[in-house]
Amino acid sequence: MIAVAVEETTDYQATARLATEAFASTDVVFDPEHLRWLYERCFGMGTTVVGLTDEVGRKVGQIALVKQSVLVNGVSETAAELIDLFLVREWRGSERVQMLYDEVGREFVRQNLRFAFGMPNAKAMPVNERFFNLKGYLKLDIRVGLAAPLRSSRVVVDERFDRAREAHFVSLFDRYATDKRETGVPWDGASLYRRLTGQKFQYAIHATEDVLLISSLRRKRFVPYVLMCAYLRRQGATPISAEVNAVTRAASAFWRWPFYVYAGLNKTLPIPGLSLPEKLRPSPMLLQVRDFAPERPKLEFDRFQLIDFDFA
């Protein structure tokens, strides 16, 4: 008889193999060490994996709740992003999907998690809504531009992120720790350092006195672009466009490529680039949310950027 339960321990090798098999796409390959880092270290609050097993106890599907916190009007609230939903082909069906989501709902109540977040592709959006009542909440702006690859005298930091230099980067990132009065995922030196320590991507750090930018060189169908993963400001600062443009140009110079992409929301500083019209957007980039305590102060983000979920 098929069963659903929270996994006491996760076999990352088996999970990566099954997930790759289930997605059945040459563009989607799950790496066990990346999964381990994402589930255990990325946001520092751990992950609850709800697994589906067949009659002899073999895993045939799952959904993961990657836990994190979000500040709402200065109050820390618990949340979890729902990711890595899959069922192997022979066990697919709406009844089994519902079993997974029902157990997820029980875990949200048991662990007193307030917000459920989802950032699905277009195919998964109606699944989240139908089986878990996740509703479209925030469509992230997707902005693109060309930056002259120049280093300004305003830029005081311009270097590759190196996970081996923990003390250096924790101290640097602490200077741009997010303001506790902003509604969004909170970041300080230690949490931001931990967020960037995965093996999957390489990052660079660019900063003026008031603005920090995290960038990464990526490719889409063999076309390179500089991904602007997050802009953060020094607490109390009101950055001007010249500073934001300075770190943006520094990123293009570092990666030796002028075309850049940013996706997100940030009301704390002026984001460069031009918004892509709806018909040109390569992804929905739609944040879905379910609030398990709607009587409390409403979630209205000041910041929500790529480092705040699993994309970057």
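Show me the strands (runs of 3 or more DSSP E) found entirely inside the range 90-204 where at least 1 residues are closer than 30 Å to residue 1 by Cα. Walk me through it before giving the result.
On the way: elements: 115-118, 135-139, 141-146, 157-160.
Passing ranges, in order: 115-118.
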Legend entry - Among (1) open to solvent by 50 Å² or more (accessible area, probe 1.4 Å); (2) part of a helix (DSSP H, G or I) - the single one residue 250 does not satisfy: (1)
Legend entry - Conditions (1) within 27 Å of residue 290 (Cβ to Cβ); (2) assigned to a helix (DSSP H, G or I): number failed by residue 51: (2)
Legend entry - Search result, residues across the range 213-232 that are touching a Phe, Trp or Tyr at 6+ places or on another chain (Cβ under 7 Å), surrounded by fewer than 22 Cβ atoms within 10 Å (Cβ to Cβ) and over 16 Å from residue 149 (Cα atoms): 218
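Run down 69, 76 and say which single residue is open to solvent by 10 Å² or more (accessible area, probe 1.4 Å), closer than 17 Å to residue 110 by Cα and in contact (Cβ under 8 Å) with a residue 60 or more places away in the chain.
Sole residue among the options that is open to solvent by 10 Å² or more (accessible area, probe 1.4 Å), closer than 17 Å to residue 110 by Cα and in contact (Cβ under 8 Å) with a residue 60 or more places away in the chain: 69.
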Inset, instruction - Evaluate the range 170-184: report whether one residue or more is among the β-branched types (Val, Ile, Thr) and open to solvent by 40 Å² or more (accessible area, probe 1.4 Å). - result: no
Inset, instruction - Collect the residues in the range 95-121 that are open to solvent by 40 Å² or more (accessible area, probe 1.4 Å), over 16 Å from the mean Cα position of the chain (by Cα) and in contact (Cβ under 8 Å) with a residue 12 or more places away in the chain, keeping them in residue-number order. - result: 96, 98, 99, 102, 109, 111, 112
Inset, instruction - Working carefully through the options 10, 15, find the one that is at pLDDT 95 or above, hydroxyl-bearing (Ser, Thr, Tyr) and touching a strand residue (DSSP E or B) at 6+ places or on another chain (Cβ under 6 Å). - result: 10
Legend entry - Qualifying residues in the range 194-212 (those that are polar (S, T, N, Q) and more than 15 Å from residue 309 (Cα to Cα)) - the one surrounded by the most Cβ atoms within 10 Å (Cβ to Cβ): 208
Inset, instruction - Kindly indicate whether residue 145 is surrounded by 16 or more Cβ atoms within 10 Å (Cβ to Cβ) and either touching a strand residue (DSSP E or B) at 6+ places or on another chain (Cβ under 9 Å) or under 29 Å from residue 284 (Cα atoms) (or both). - result: yes
Legend entry - the range 10-46 - residue that is over 26 Å from residue 192 (Cα atoms) and of a type in the set (Ser, Thr, Tyr) and, of those, surrounded by the most Cβ atoms within 10 Å (Cβ to Cβ): 15
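To keep it simple, each residue is scored yes or no on (1) at pLDDT below 95; (2) of a type in the set (Ser, Thr, Tyr); (3) under 16 Å from residue 67 (Cα atoms).
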{"site": "106", "(1), (2), (3)": "no, no, yes"}
{"site": "111", "(1), (2), (3)": "no, no, yes"}
{"site": "114", "(1), (2), (3)": "no, no, yes"}
{"site": "120", "(1), (2), (3)": "yes, no, no"}
{"site": "127", "(1), (2), (3)": "no, no, no"}
{"site": "149", "(1), (2), (3)": "yes, no, no"}
{"site": "155", "(1), (2), (3)": "no, no, no"}
Inset, instruction - For residue 29, work out the one condition from (1) aliphatic (A, V, I, L, M); (2) in contact (Cβ under 8 Å) with a residue 12 or more places away in the chain; (3) in contact with a Ser or Thr (Cβ under 7 Å, 6 or more places away or on another chain); (4) outside any strand (DSSP E or B) it doesn't fulfil. - result: (2)
Inset, instruction - Hey, could you check the range 253-296 for residues that are in a loop (DSSP other than H, G, I, E, B) and without any contact (Cβ under 8 Å) to a residue 24 or more places away in the chain and say which is farthest from the chain's Cα centre (by Cα)? - result: 295
Legend entry - Enumeration of residues in the range 278-291 that are at negative phi and either touching a strand residue (DSSP E or B) at 6+ places or on another chain (Cβ under 7 Å) or open to solvent by 60 Å² or more (accessible area, probe 1.4 Å) (or both): 278, 279, 280, 281, 282, 286, 287, 288, 289, 290, 291
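The values are calculated or read from the model by the stated rules, or taken from the named source; none is laboratory data. It should be emphasised that the depicted structure is a prediction, and the values quoted were computed from it without experimental measurement. Because the Cβ atoms are built from the backbone with ideal geometry, glycine has one as well, and the counts that use them run over all protein chains shown. Only protein heavy atoms, including side chains, enter the accessible area calculation; ligands, DNA and RNA are left aside. Shrake-Rupley method; radii C 1.70, N 1.55, O 1.52, S 1.80 Å.
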